[in-house]
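We did not get these values from a lab; they are worked out from the coordinates using the rules stated. Please read these numbers as outputs of a predicted model, since none were measured by experiment. Don't worry about glycine lacking a Cβ; one is built from the backbone with ideal geometry, like all the others, and counts go over all protein chains shown.
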Amino acid sequence: MIYLKNRKLLTVLVALAVIALLVCGVLLYQNHKKYSGSTLESRELLLDKALSKNNGTHWHIATETQIGDRLVSGAYSTDGKATLAVFKPAGNNNFKFMQSTNSQNDKVIFATINVEESSYDLFWFNGAQTEYAEITYTINGQPREPKQYDTTQMNIITIENNEKEYSVHAVYYDSEGNKYE
């Protein structure tokens, strides 16, 4: 009789241990998936974790573009900041936060990233709805003709640029002719 009681108790304890392990496994999987970078929402959480420093600020991704295997996100925060954030592949369609260039929401953001053997200049402005951007490069002291880019969708402007020594100036214009630099 004592043997049967101990056996039933052991069976109950083993069953509880298996259930506890399953619950822990599900929770760990959900937490991993939450920060996987595979969805827009999980990339926003990665930005919160990397850029907010526990101050309650939340980031929202407004636009994204892919350059090679990198994912570039244009995002804005609840405290008036903006960023161009770069995510790199982490396997299984997941992405890991790599770097960001941060600014105030009313400033044009300029960043450069290297992907494989190429360098890319990135421009983004989230401060106001604009019609177009005019970007002028000066290479080896020689100004180039300004190029215009449609910005009505507020997309990230991506320009492949492998020059080593250059300067660049970007101006965004809204429909009223107001300039944002």
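Here are the numbers for the structure shown:
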| read-out | value |
| --- | --- |
| Difference of contour (0.36 nm per residue) and Cα-Cα distance, Asn94 to Thr152 | 17.9 nm |
| Given Lys96/Lys179; Lys81/Lys179; Lys49/Lys179, the pairs whose alpha carbons are separated by over 30 Å | Lys96/Lys179; Lys49/Lys179 |
| Region 57-115 - Debye-derived log10 I(q)/I(0), Cα point model, q = 0.25, 0.31 Å⁻¹ | -1.04, -1.34 |
| All-pairs alpha carbon distance profile, region 131-181, 10 Å steps from 0, percent | 23, 51, 23, 3 |
| Qualifying aspartates and glutamates (Cα of each under 15 Å from Cα of Lys88; at least 8 residues distant if same chain) | Glu44, Glu64, Asp69, Glu116 |
| Volume per residue of the C-alpha convex hull in region 40-180, rounded to whole Å³ | 111 |
| In sequence order, calculated HN-Hα J values of region 136-147 (Karplus, 6.51, -1.76, 1.60; Hz; x Gly/Pro) | 10, 9, 10, 10, 6, x, 10, x, 9, 5, x, 10 |
| Phi-based couplings in Hz for region 120-128 (Karplus 6.51, -1.76, 1.60; Gly and Pro marked x) | 10, 9, 10, 10, 7, 9, 10, x, 7 |
| Stretchable slack from Asn114 to Thr57, in nm (0.36 nm times residue separation minus alpha-carbon distance) | 17.6 nm |
| Electrostatic dipole magnitude of region 40-180 [Cβ: Lys, Arg +1; Asp, Glu -1; Cα centre; debye, to 20] | 480 |
